[in-house]
Amino acid sequence: MNKETCLKKITAVTPPNLGGFAEGNAGGQAVRKQEGQLLYALCKVFLPKNILETGTHTGCSTNYLLKYAAEQNATVSTFDVESKAGKDIMQSLSANLILHKPKKRILSRKVRPVDIVNIRKLVLETATAGVDLFFHDSDHSYENAKWEYDNITALMKRGSVVVLHDVARQRHGTRQLFDEVECDWKHIFDTPNGLGLIVLK
Ligand SMILES: C[S@@+](CC[C@H](N)C(=O)[O-])C[C@H]1O[C@@H](n2cnc3c(N)ncnc32)[C@H](O)[C@@H]1O
């Protein structure tokens with residue numbers, strides 16, 4: 001699908017209103033409602049069967065991906081290094097969810113290098129089984145974003161999709177990565193934090 005067709009199709013999607021605290025008005029680290037709705041629309045246009053998300057946090061973006069997954073019988077595998085991740089994921093949408101997080105209590109400031117190694121192993125296992133859409137919203141440092149991008153996209157097919165959150169700021173690690181990747185085409189959506197779409201070649 002070329003860029004023009006894709007952008008036209010996105011505007012034709014009716015965005016869902018999930019309602020409640022977790023729909024994107026919580027602020028903090030969660031994606032904003034407009035960004036969640038855009039994630040949903042991107043799924044409706046590209047129709048991924050296997051979605052991989054890094055950076056679950058409370059589950060705001062996950063809920064929008066799950067809304068799509070429930071309609072299309074897709075799977076959402078989401079990963080976080082914190083044990084409390086996913087606490088706002090809607091029970092009614094959780095049938096298509098695989099949530100990977102530490103079993104024992106780990107809070108953000110207590111995350112150790114070994115915890116990151118462990119979650120990366122799980123990410124690779126899932127990616128090896130197949131990914132059609134990868135949404136990055138974990139650690140936004142250049143090192144982490146590049147590790148995830150390189151290792152996950154190496155296992156993805158041409159025409160598959162990567163979405164990077166937080167590409168609005170020029171000096172952000174994810175923006176640096178977005179600018180340097182070579183792909184079929186890419187686009188930045190003008191959302192509160194900037195959502196970068198990459199279509200793989
Ligand atoms: C910006 S928040 C994600 C927001 C979430 N997508 C939402 O809409 O609510 C970033 C999350 O990434 C997690 N994180 C940090 N480093 C990580 C890593 N290496 N792998 C997976 N998750 C990580 C943090 O614990 C935090 O919950």
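Miscellaneous remarks
- Options 14, 75; residue that is β-branched (Val, Ile, Thr) and surrounded by fewer than 17 Cβ atoms within 10 Å (Cβ to Cβ): 14
- For the range 108-126, the tally of residues that are assigned to a loop (DSSP other than H, G, I, E, B) and either surrounded by 11 or more Cβ atoms within 10 Å (Cβ to Cβ) or near the ligand (Cβ under 9 Å from one of its atoms) (or both) stands at 1.
- Pair list, Cβ < 7 Å and 6+ apart or interchain, from the range 114-125 residues that are at negative phi to residues that are more than 7 Å from the ligand (Cβ to nearest atom) and modelled with pLDDT under 95: 115/102; 115/106
- Output for the range 127-171, where each listed residue is away from the ligand (no atom under 14 Å from the Cβ), in a helix (DSSP H, G or I) and β-branched (Val, Ile, Thr): 128, 153
- Counting only residues that are within 15 Å of residue 135 (Cα to Cα) and touching a residue at least 60 places away in the same chain (Cβ under 8 Å), the range 160-194 holds 7 of them.
- Residue that is surrounded by the most Cβ atoms within 10 Å (Cβ to Cβ) [pool: residues in the range 56-72 that are near the ligand (Cβ under 8 Å from one of its atoms) and assigned to a helix (DSSP H, G or I)]: 62
- Taking the criterion of being in contact with a Phe, Trp or Tyr (Cβ under 9 Å, 6 or more places away or on another chain) and either more than 10 Å from the ligand (Cβ to nearest atom) or polar (S, T, N, Q) (or both), the residues of the range 73-95 that qualify are 74, 76, 78.
The values are calculated or read from the model by the stated rules, or taken from the named source; none is laboratory data. Quick caveat, the model's predicted, so the values are computed rather than measured. Glycine also receives a Cβ, built like all others from the backbone with ideal geometry; neighbour counts cover every protein chain displayed.
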